[in-house]
1. Would you please state which residues of region 49-71 a label at ILE33 would reach in this model, taking the label point 7 Å out along Cα→Cβ and a backbone N cut-off of under 18 Å?
2. Two decimals is fine: what is log10 I(q)/I(0) at q = 0.22, 0.25 Å⁻¹ for region 32-102, from a Debye sum with one equal scatterer on every Cα and no solvent?
3. Just flag the trypsin sites (Lys or Arg not before Pro) in region 22-76 sitting in loop per DSSP whose Cβ has no more than 12 other Cβ atoms within 10 Å.
4. When a footprinting reagent is the concern and you count Cβ atoms within 10 Å, what order do LEU77, LEU99 take, fewest first?
5. Take the alpha carbon atoms of region 62-104, find their radius of gyration, then divide it by 2.2 N^0.38 Å using N residues; give the quotient.
6. Give me log10 I(q)/I(0) at q = 0.16, 0.18, 0.23, 0.33 Å⁻¹ for region 22-63, Debye formula, one equal scatterer per alpha-carbon, no solvent.
7. What ranking do VAL92, VAL59 get, fewest neighbouring Cβ atoms within 10 angstrom at the top?
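Please treat every number below as a calculation from the coordinates, not as lab data. None of the values given here were measured: they were computed from a predicted structure. Backbone-built Cβ (ideal geometry, glycine too); neighbour counts: all protein chains shown.
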Amino acid sequence: MSVPPNDPIQPPSGPDSNPGYYPPVGPAQRTSINVLALIGFITAITGMGCGIISLILSVIGLSQINKEPNRYNGKGLAIAGIVISAASIIYVFVFFGTLRDTGF
């Protein structure tokens, strides 16, 4: 039995019939910076959050980012907000502790 030659008018069938063709992909998912992480970072840097508010906002923002990583980005902002807020809270306790020890 001989195999019939490919018909020059009809393209060959099969999965590799058109190797340059790729199926269309859906629209790219857009990620946005988590607003709470951004506000927590800004309030931590500027000192407007009094430490506690910045820490709470940054932790909530980081939690949202970890729950939906395809929707949000800004994990670095949230972590930086947490670190700066925690450092400012520790600084306040140390500062007032030393003031109390000196008699102020």
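1. Flagged as within label range: 49, 54-55, 57-66, 69-71.
2. Normalising to I(0) and taking log10 leaves -0.77, -0.91.
3. ARG30
4. By the 10 Å Cβ count, ascending: LEU99, LEU77.
5. Details: Rg = 16.6 Å, N = 43, 2.2 N^0.38 = 9.2 Å.
Output field value: 1.81.
6. Log-scaled intensity ratios, in q order: -0.46, -0.51, -0.68, -1.04.
7. Sorted ascending by nearby Cβ count, the order is VAL92, VAL59.
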